[in-house]
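The block underneath contains the structure these notes are about, expressed in structure tokens.
The values are calculated or read from the model by the stated rules, or taken from the named source; none is laboratory data. Fair warning: this is a prediction, and the values are worked out from it, not measured in the lab. Reconstructed Cβ throughout: ideal geometry from the backbone, glycine too, with neighbour counts over all protein chains shown.
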Amino acid sequence: MNKAIWMQLVFAAGVSTIAVPAAANSPVGTITTFAANIENTTPCGSPEGLSVDLQGNFYTGSAQTKSPGAVCQFASNGTFKKSFSIQPAKSDGVVSLLGVLFQPPHTLFALDFADALAGPPNQPPPTDGRVLSINTETGAVTTVASGFIFPNGIAEDLNGFFYVTDSIQATVTRFKADGSQKSVWYSGSLLAPGTGQPPLGANGIAFDFFFHNVYVSNTSNQQIIRIPVEHDGSAGTGVVFADGGVIDTKQNTTKALAGADGIAFDLFGNLYVAANQANEIQVISPTGQLAARYSSATLTLDNPASLVFIGDELYFTNASIFDGGVNSAIFILETPLPGLPPFPL
């Protein structure tokens with residue numbers, strides 16, 4: 001599919017063709033529950049990664065370190081439907097899932113950082129991280145790419161390439177759906193972990209409307225990095241698009257981009273960021289300024305992590321990482337503008 005067709009679909013459909021029931025929207029900024037109590041009702045406690053198929057089914061994985069791991073499917077009304085069991089990369093290993101991305105008609109990609117955080121102290125972390133392909137009809141799981149330490153975010157371009165961030169190796173790796181043509185597309189200090197917590201660099205990843213740039217959140221540095229896509233598909237020179245520390249100083253605020261995790265664009269170039277250390281969804285304008293921030297007085301936002309737009313509703317996982325998953329949930333934020341469709345149709 002070329003970019004012209006992508007544009008026509010976006011404008012003709014308004015937002016997407018995903019089969020999600022229509023409902024009267026709440027006021028902008030309202031956060032409601034889509035799927036609650038995930039820790040106790042599904043095998044996907046501490047949900048990370050969020051994607052949706054053409055029938056309106058949502059998918060998320062469990063970031064908890066365990067064996068086996070699991071990816072869960074929820075119906076368009078938030079009801080848990082089924083789970084997919086994920087075996088470890090090695091017999092004595094574990095599974096820890098982060099980003100997921102649906103590709104029609106029935107493939108779901110999932111990122112497993114395995115035992116990256118459970119290796120021996122003072123030793124280089126293991127490279128058992130992998131990209132998995134799950135057939136959502138049969139449940140069959142295959143490994144399409146490996147050699148990662150901490151694969152975290154995943155995005156797809158219009159030419160059928162997938163881009164995966166590695167939060168520890170400070171890379172973006174590109175490959176085809178079958179794992180072929182795999183190469184490091186971009187690497188550098190802008191994607192490396194800094195001194196902030198958690199100690200993770202490159203995390204969420206998203207293309208802008210015209211697929212001219214790739215945006216990557218750097219979690220510990222509280223930054224958003226912009227990487228141009230050259231005409232031949234190669235990566236240009238990355239730059240800091242938004243810096244939380246600079247925003248705090250210039251806009252007289254605090255915790256801007258604190259723990260920047262998943263990211264997603266609306267149709268007008270505003271970037272929504274799961275700020276997991278601020279327990280907010282923050283909005284960065286096309287000029288890199290903090291434009292809005294959303295939290296809840298009634299719901300417990302606890303490590304918001306992964307985002308996906310459906311029209312003017314932003315679905316996001318409440319990962320609940322540091323408390324054993326007790327607040328595991330998927331929430332919905334009512335936004336003022338519609339977002340980009342969740343995948344290149």
Item checked: Hits in the range 212-234 (condition: over 13 Å from ALA260 (Cα atoms) and crowded, with 16+ Cβ neighbours inside 10 Å) -> ASN213, VAL214, ARG226, ILE227, VAL229
Item checked: Output for the range 244-264, where each listed residue is closer than 24 Å to VAL164 by Cβ and either more than 23 Å from the chain's Cα centre (by Cα) or of a type outside the set (Gly, Ala, Ser) (or both) -> LEU257, ASP261, ILE263
Margin query: Quick check on my filter: what residues within the range 312-324 are in a loop (DSSP other than H, G, I, E, B) and either modelled with pLDDT of 95 or more or crowded, with 23+ Cβ neighbours inside 10 Å (or both)?
Written below: ASP312, ALA319, SER320
Next item on the list: For the range 62-89, enumerate the residues that are buried (at least 18 other Cβ atoms within 10 Å of the Cβ), out of contact with any helix residue (DSSP H, G or I) (no Cβ under 8 Å at 6 or more places or on another chain), in a strand (DSSP E or B) and not polar (S, T, N, Q).
Entry: GLY69, ALA70, VAL71, PHE74, PHE84, ILE86
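In the range 292-327, which residues are of a type in the set (Ser, Thr, Tyr) and in contact with a strand residue (DSSP E or B) (Cβ under 6 Å, 6 or more places away or on another chain)?
Residues of the range 292-327 of a type in the set (Ser, Thr, Tyr): 294-296, 298, 300, 306, 315, 317, 320.
Within the range 292-327, TYR294, SER295, SER296, SER306, TYR315, THR317 qualify.
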Checklist line | Those residues of the range 124-157 which are at pLDDT 95 or above, more than 20 Å from PRO105 (Cα to Cα) and not in a strand (DSSP E or B), in sequence order | finding: ILE149, PHE150
Check: Does the range 184-211 hold any residues that are in a strand (DSSP E or B), surrounded by fewer than 20 Cβ atoms within 10 Å (Cβ to Cβ) and of a type in the set (Ser, Thr, Tyr), and which are they?
Finding: SER187
Margin query: Which count do you get for residues in the range 282-310 that are buried (at least 16 other Cβ atoms within 10 Å of the Cβ) and closer than 24 Å to ALA35 by Cβ?
Written below: 16
Check: Somewhere in the range 97-117, is a residue farther than 19 Å from LEU50 by Cβ, more than 21 Å from the chain's Cα centre (by Cα) and surrounded by fewer than 23 Cβ atoms within 10 Å (Cβ to Cβ)?
Finding: no
